[in-house]
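Notes to accompany the following structure.
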Amino acid sequence: MRILGLDTATRATAVAMWDSDGDAPTTEGRDDPSPGVRPHHTTRLMELIVEVLERSGTPWAKIDRIAVGVGPGTFTGLRIGIATARALGRAQGIPLVGVSTLRSLALGAAEIAQRHDDAAGDWPPAGRFDAQLAVIDARRGEVFAACWRGGNPAVEPMQLLLAPAALAPDALARRSPELGSRILAVGEGAVEFRQILECAGMWIPEDGSGLHKVSAINHCRLASGERAGAPDEVRPEYLRLPDAEITRRDAGQA
């Protein structure tokens, strides 16, 4: 099964082609803006899709499904990614699978931790983590977060410990005891609020670690075990009102 994956929930634009049978090479393309630079979803998403298809030697007719990140994340980013996936699905007759961006982030963290690939410094021995906490910066002093135990859906399902939610970092830190004594927290939100989460006993890789980046490859892997449907069935998971709506409501109350 060949799956085209894409995600625009965060500042990054991530695209991948993955073949569950291993007949085609796994190919990934991404754009990670520098700090302070606006996301390039509008200009780079289709460019990366074309690039990944060409590099993997995959024509549209060979793609079995499209896996698109449904967030949570920025309103504009999700709108661009999901609208693009829907348009491609309708045009090419390809079914879609909506993938939780947080779950995909947690999957990548769990597998790298288990393989101990990034072993260095104070990295705990493999197997010592109780759970993987995915944290995305939601702005306005909040994060989008969710936590899972387990990291190989092909062997056993990932166990959801904390459902995706928009939380203040302090509130998330207070949930730490119920999630486990050794939590691996990853994502740009974990980096942004490192001090608060580390004080709660969570372990966070160094800022430049690849564990903090959303990978479209993991989107594809998760989508391989899910039911694919019509393009219009995929819906974004905002978890809260868009910033523009919040601003309007705040202004109205004032």
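FYI, it's all coordinate maths here, none of it is from the lab. It should be emphasised that the depicted structure is a prediction, and the values quoted were computed from it without experimental measurement. Here Cβ is always computed from backbone atoms with ideal geometry, including for glycine, and neighbour counts include all displayed protein chains.
If we sort 2-12, 177-187, 134-144, 33-43 on the protection proxy, mean other Cβ atoms within 10 Å, highest first, what's the order? Intermediate results must be reported in sequence, preceding the final value.
Values: 2-12: 27.3, 177-187: 20.0, 134-144: 21.9, 33-43: 12.4.
Result, highest mean first: 2-12, 134-144, 177-187, 33-43.
Which residue fluctuates the most in the chain, going by a Gaussian network model with Cα springs under 10 Å, if the choices are S224, S215, S56?
S56
Debye calculation, C-alpha points only, no solvent: report log10 I(q)/I(0) for the chain at q = 0.10, 0.15 Å⁻¹, in the same order as the q values.
So the normalised log intensities are -0.47, -1.05.
Using only Cα atoms, locate the centre of segment 153-214 and the centre of segment 65-82, then give the distance between them in Å, rounded to an integer.
For segment 153-214 versus segment 65-82, the Cα centre distance is 21 Å.
Name the most mobile residue of M202, M17, M46, meaning the one with the largest mean-square fluctuation, in a Gaussian network model of the chain with Cα contacts below 10 Å.
Sorting by GNM fluctuation, first place goes to M46.
Run the simple label-point estimate for A61 and E206 please: 7 Å along Cα→C-beta, distance reported in nm.
4.9 nm
Please list, in order along segment 131-136, the HN-Hα scalar couplings obtained from phi with the Karplus expression 6.51 cos²θ - 1.76 cosθ + 1.60 (θ = phi - 60°), rounded to whole Hz, x for Gly and Pro.
6, 10, 9, 9, 9, 10
Given a Förster radius of 35 Å and the C-beta distance between A91 and R38 as r, what FRET efficiency does 1/(1 + (r/R0)^6) yield to the nearest 0.05?
The formula returns an efficiency of 0.80 here.
Work out Dmax and Rg for segment 191-242 from the C-alpha atoms and quote the Rg first, both in angstrom.
Gyration radius and largest Cα-Cα distance of segment 191-242: 16.3, 45 Å.
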